[in-house]
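Bear in mind that the values in this text are calculations on the coordinates, not laboratory data. Model, not experiment: these values are computed from the prediction. Please note: Cβ atoms are built from the backbone with ideal geometry, for glycine as well, and neighbour counts cover all protein chains shown.
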Amino acid sequence: MKEKRASKKAVAMGCTFAMALAALIISGVSAGAQSPKTLVKHVLSGTYYDATSGATTSCNTLGCVATANVSTVSIPCPGATGVKCTYEVNIAAQSNMESPGEGLYQFLIDGAIPNGGGTDANGFWIWGISGPSGPGPMSGSAAYSVNSQVTNTSANQSHSIVVNLGCSMGNPGCTVNSGQTSLTVRVLKP
């Protein structure tokens, strides 16, 4: 029985043809490219750091929401009336959920939810969910960042930043706690 072998040149030509055909097929498919977005340059004006021992909160009725303050700080926006600053607020903590429900962090800048998005309509971000048939008590690291732009109504105005630990949707209630917590706030100027 005679064995037939393809030459290396024939194999190379076949591979080249296959690659060219694949490139032709792919280039015919629209990638749905979007036009580039123009970003606004921000300059770092200052960085602030706060370490706390954390918090614990709980409630004991079906569907309740409980919050406890983790950190409240007041940070200036350097500049005259009308100057804008962007606050980038970062929280990191060892967070524990001791009962079914949702573990939450709530962010409020000058008493309102961050206008940069990233939270629900009440300023909450969910860091963990535990259901009655799902994972039981859970612990782990929770870290999140939001941003919000403020405008000074007076020169060098200080703006309030509040971060709360929370829980909700438990049955019959919920309990959460956080250990050592670090809050970092960066003040940027557009």
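Distances longer than 19 Å among the Cα atoms of the stretch 41-166: what percent of all pairs is that?
Of all Cα-Cα distances in the stretch 41-166, 52 percent exceed 19 Å.
Simple spin-label model, 7 Å along Cα-to-Cβ: Ala92 to Ser158 in nm?
2.6 nm
Using only Cα atoms, locate the centre of the stretch 167-184 and the centre of the stretch 60-82, then give the distance between them in Å, rounded to an integer.
Rounded to whole Å, the Cα centres lie 15 Å apart.
I want the local charge near Leu183. Using Cβ-Cβ distances under 12 Å, sum +1 for each Lys or Arg and -1 for each Asp or Glu among the other residues.
-1
Once amide H atoms are placed 1.01 Å from N in the peptide plane, what residues at a sequence separation of 5 or more from Gly101, or on another chain, have their amide H within under 5 Å of its amide H?
Ser130, Gly131
Would you work out the relative contact order for the stretch 43-189, in percent, from Cα pairs under 8 angstrom that are 6 or more residues apart?
48 percent
For Gly54, list long-range residues whose amide hydrogen, built 1.01 Å from N in the peptide plane, is under 5 Å from its own amide hydrogen.
Residues meeting the amide H criterion: Thr181.
Taking the beta-carbon count within 10 Å as an exposure proxy, list Lys84, Lys41 from fewest neighbours to most.
Values: Lys84 13, Lys41 7.
Ranking Lys84, Lys41 by Cβ neighbours within 10 Å, fewest first, gives Lys41, Lys84.
Run the simple label-point estimate for Val43 and Ser182 please: 7 Å along Cα→C-beta, distance reported in nm.
With each label placed 7 Å out from Cα toward Cβ, I get 2.8 nm.
Going by how many other Cβ atoms sit within 10 Å of their own, how do Val176, Val40, Val162, Val73 line up, fewest first?
Val40, Val73, Val162, Val176
So how long is each side of the stretch 98-188 along the principal axes, counting just the alpha-carbon atoms, biggest first, in Å?
Principal extents (largest minus smallest coordinate, Cα): 53, 26, 16 Å.
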